[in-house]
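Enquirer: First the structure, which I've put down as structure tokens, then a few questions once you've had a look.
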Amino acid sequence: MRLEDIKPSESVKRRNPEIFGVQKMPGKPTRERDLHNQIADYCRKAGWLFFHGSTAHRTHRTLGEPDFVIFPGRGRVLLIECKSATGKLRPEQQAVLAYARKNEYAAYVVRSFDEFLQIVTL
């Protein structure tokens, strides 16, 4: 059997984006939880320190705190808020992002993994 003859399932492709590229479910928008997982995986593979709150249950985090605080090196700090294609920022999230930007921090809202990749490759 040759490697070319192996046909991975869609599930295997989605779970291995570094091999097969980012796979999107046809007709389905990216869920926020999936976006969180993709970003966390990317940060781990890059060897970056990052803080991320659980999406599985309520935590004792500050209202409005971004989903990710990422330290990619070279003195950079990224504040990343993830939203689905139709997700809206709560007022607390808007306030924290506005404060961060006013104080010259790199604060972003991302709705796809591609948007995240554009930010980290700046």
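Enquirer: Any chance you could list the semi-axes, whole Å, largest first, of the equivalent ellipsoid that the Cα gyration tensor gives for the range 33-120, using √(5λ)?
Expert: 18, 16, 13
Enquirer: Ranking request for peptides 75-83, 96-104: highest mean number of other beta-carbon atoms within 10 Å first, then the rest in descending order.
Expert: Highest to lowest by the protection proxy: 75-83, 96-104.
Values quoted throughout were computed directly from the atomic coordinates according to the rules given, and no laboratory measurement underlies them. Since this is a predicted model, take the numbers as computed values, not measurements. No Cβ is skipped: glycine too gets one built from the backbone with ideal geometry, and neighbour counts run over all protein chains shown.
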